[in-house]
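The values are calculated or read from the model by the stated rules, or taken from the named source; none is laboratory data. None of these values were measured; they are calculated from a predicted model. Because the Cβ atoms are built from the backbone with ideal geometry, glycine has one as well, and the counts that use them run over all protein chains shown. Just the protein is used for accessible areas: all its heavy atoms, side chains included, with ligands, DNA and RNA removed. Shrake-Rupley method; radii C 1.70, N 1.55, O 1.52, S 1.80 Å.
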Amino acid sequence: MPRPNAGTKGVPRADREEQILETATRLFGTLGFAATSVAAVAEPIGISKPMVYSYFGSKDRLYGACLRRAGEQLAVEMERIARTGVVGLERGLRTLDGIFVLLEPQPWMWRMLFDPTAPREGEAAEVMASYTARITALAHEGVGELMSLVGVTDALDVSAMVSVWISIFDSLVDWWLDHPDQDAAAMTQRCVRLFAAVTRADLGSVLA
């Protein structure tokens, strides 16, 4: 009778690597870095723990690869929306909508990026810092455009509003993930209502 991990043979390396990354990202995002073992990653795929190490070398490097995979998806989606040319609140709403749609089938990806048990140094920390800077730059660009539309150009005002926007963005995504009965479309419409209430603006047609 074949061993449980014997199915490794015949699977192309790229396919096996993707299986490992997908499984590890889900576990890291659901259980957290500290509570996720390499054995737990290997078991549902039907491979051995040494095989995972042969691909990634260590748990920290595996986590770094998962962070890179998740961070790239999020950054690329935000950059795609920025290239459409929308500005102001519309850009903010479209960015939220894009992230909701991206995360709907893989909500654990967001949690992994904000894991308090994640390594604070080494490769994983460097990957995190890289994508944090990339996403913050996009936020700064978008907020800068929003502020200029209302005549505010003071650098400190823009910096403060970037911090406010990032906090709002994070809070909205976190709230949504705590309410899994709400789909991406419903959450986007909720954000439209919330933004309209705060700004007293007519945003009903922004995402129509």
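For region 106-208, please list each of the helices (runs of 4 or more DSSP H) lying entirely inside it that holds at least 1 residues being basic (Lys, Arg).
Working: elements: 108-113, 123-149, 155-177, 184-199.
The qualifying helices (runs of 4 or more DSSP H) are 108-113, 123-149, 184-199.
For region 52-77, filtering for residues that are surrounded by fewer than 19 Cβ atoms within 10 Å (Cβ to Cβ) and closer than 17 Å to Leu102 by Cα leaves 7. Pairs meeting the criteria (first residue in region 51-68 and under 20 Å from Thr117 (Cα atoms), second residue open to solvent by 40 Å² or more (accessible area, probe 1.4 Å) and in a helix (DSSP H, G or I), beta carbons under 7 Å, at least 6 apart or on different chains) are Asp60/Glu123; Arg61/Glu123; Gly64/Glu123; Leu67/Met128. Inspection of region 32-51 identifies at least one residue that is within 18 Å of Ala129 (Cβ to Cβ) and under 16 Å from the mean Cα position of the chain (by Cα).
Looking at the structure I just gave you, is Gly142 surrounded by 12 or more Cβ atoms within 10 Å (Cβ to Cβ), at positive phi and touching a residue at least 12 places away in the same chain (Cβ under 8 Å)? Judged against the criteria, Gly142 is not a match. When region 8-17 is filtered for residues that are free of Cβ contacts under 8 Å to residues at least 40 places away in the same chain, assigned to a helix (DSSP H, G or I) and surrounded by 13 or more Cβ atoms within 10 Å (Cβ to Cβ), the ones remaining, listed by number, are Arg16, Glu17. Scanning region 20-40 for residues that are part of a helix (DSSP H, G or I), out of contact with any Ser or Thr (no Cβ under 7 Å at 6 or more places or on another chain) and not basic (Lys, Arg) turns up Ile20, Leu21, Glu22, Thr23, Ala24, Thr25, Gly29, Thr30, Leu31, Val38, Ala39, Ala40. The set of residues in region 175-208 that are at pLDDT 95 or above, of a type in the set (Gly, Ala, Ser) and either open to solvent by less than 60 Å² (accessible area, probe 1.4 Å) or touching a Gly at 6+ places or on another chain (Cβ under 6 Å) (or both) comprises Ala184, Ala186. Figure legend. Inter-residue proximity from region 155-179: first residues under 18 Å from Ile99 (Cβ atoms), second residues of a type in the set (Phe, Trp, Tyr) and open to solvent by 70 Å² or more (accessible area, probe 1.4 Å), beta-carbon distance below 6 Å, spacing 6+ or different chains. No pairs are indicated.
Looking at the structure I just gave you, is Leu172 at pLDDT 95 or above and under 19 Å from Gly29 (Cβ atoms)? So Leu172 passes the test. Taking region 82-109 as the range and being open to solvent by less than 10 Å² (accessible area, probe 1.4 Å) and within 19 Å of Leu27 (Cβ to Cβ) as the test, the residues that pass are Leu103, Met109.
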